[in-house]
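See below for the structure under consideration.
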């Protein structure tokens, strides 16, 4: 079994917090992680509810009476976003149990929607809840699990969803990803968002994929879909809320330069990205004109998923083409300018040097697809992705 990086954090959180929430997209392994881990490591009875089952959902018609039955137990509630009115009840029960001495490990909630879509929980459970995000497989966890067998190209091409990455063949992986996209637009998104025709959302998702690594021109997409700009924006927000899309914000520090101020969009999982691009083989990906953008998104997602909470991330682009793919900042002490290149013999543009001067970069890195580490002129360190992930951790 592949060890997930979140495991220690989950167990520590259950020891210290009454309510722990694991958020992440569907099929990422939240249920498997929660049940296998807590059954082997939590020293109390465990009860599981899946709110996708009508039988389990019906048990919560009188939620207070039902939940009171599980004192001194850990109750795992899956797909909790289907019943947001649970949170005030959970808060009351947590407070009652704390007064009786049961201070931690009351509820483990699993959700397939973002924290923003679970605002009721943060409003009702302030000081009683901790959020953890489970992302698809990452470079760091697969490498740590099996350094000798780790296949970077496989993870990049298939993406990190377990059923896609572990599929027996490329065809089976591709079929799984196509089915996943169809299920999301036909079943999952309509449950929690506004009523959107599945074919329209799928077209929007596919069109957005062609802006991967760029500023999405929503007015153009809206025109093609024959919807308003506001509607197209709401579609983008929905895909972000369901962990399908990431928006990287522009750098907001002090600068006399005129800066681009529109977020860049990325399809978070490159396996899904390649399916939306209709790419069916790794060789086809390498010949695709946007292979560099795909690699950039792959590196970006791995870094941002592991970035410590006290660091901030952005990108930098000025009107005179000075650009940095990723800016990582830790207060004013550390400002890292990061260029991302697919080439095994990477070169750097003068615009990167100008941009690093603009932001006052304390360190400059190029993350590329090779594994060697070596310096370039201009105090730039060229580093492979696996090694760079270790640098972030340390």
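Readers should treat all values here as calculations from the given coordinates under stated rules, not as data from a laboratory. These numbers come from a predicted model, not from an experiment. Ideal geometry is used to build each Cβ from the backbone, glycine not excepted, and the neighbour counts take in all protein chains shown.
Of the beta bridges in the chain, as assigned by DSSP with both residues counted there, near 40 percent are antiparallel. Look at the alpha carbon pairs under 8 Å that are at least 6 residues apart: their mean separation over the length of the chain gives a relative contact order of 13 percent. Between helix 170-183 and the chain there is an angle of about 60 degrees, using the helix long axis and the longest principal axis of the Cα atoms.
Rounded to the nearest 10 degrees, the angle from helix 30-41 to the longest Cα principal axis of the chain is 60 degrees. Here the spin labels are modelled as points 7 Å beyond Cα on the Cα-Cβ line, and at residue 226 and residue 387 they lie 5.5 nm apart. The peptide list 19-29, 283-293, put in order of mean Cβ contacts within 10 Å with the highest first, becomes 19-29, 283-293. Ordering of 45-54, 352-361, 127-136 by packing is 352-361, 127-136, 45-54, highest average first (other Cβ atoms within 10 Å, averaged per residue). Distance between the pseudo-spin-label points of residue 291 and residue 58 (7 Å out from Cα toward the beta carbon): 5.6 nm. Given [x] 23.5; [y] 22.6; [z] 21.8 as candidate values of Kirkwood radius over Cα pairs in Å, which corresponds to the one derived from the coordinates? Working out Kirkwood radius over Cα pairs in Å from the coordinates points to [y]. Rounded to the nearest 500, the helix-only mean residue ellipticity at 222 nm of the chain stands at -12000 deg cm²/dmol, with each DSSP H run of n ≥ 4 adding -39,500 (n - 2.57). Rounded to the nearest 10 degrees, the angle from helix 86-99 to the longest Cα principal axis of the chain is 70 degrees. Springs join every pair of Cα atoms under 10 Å in this Gaussian network model of the chain, and among 55, 343, 371 the largest mean-square fluctuation is at 55.
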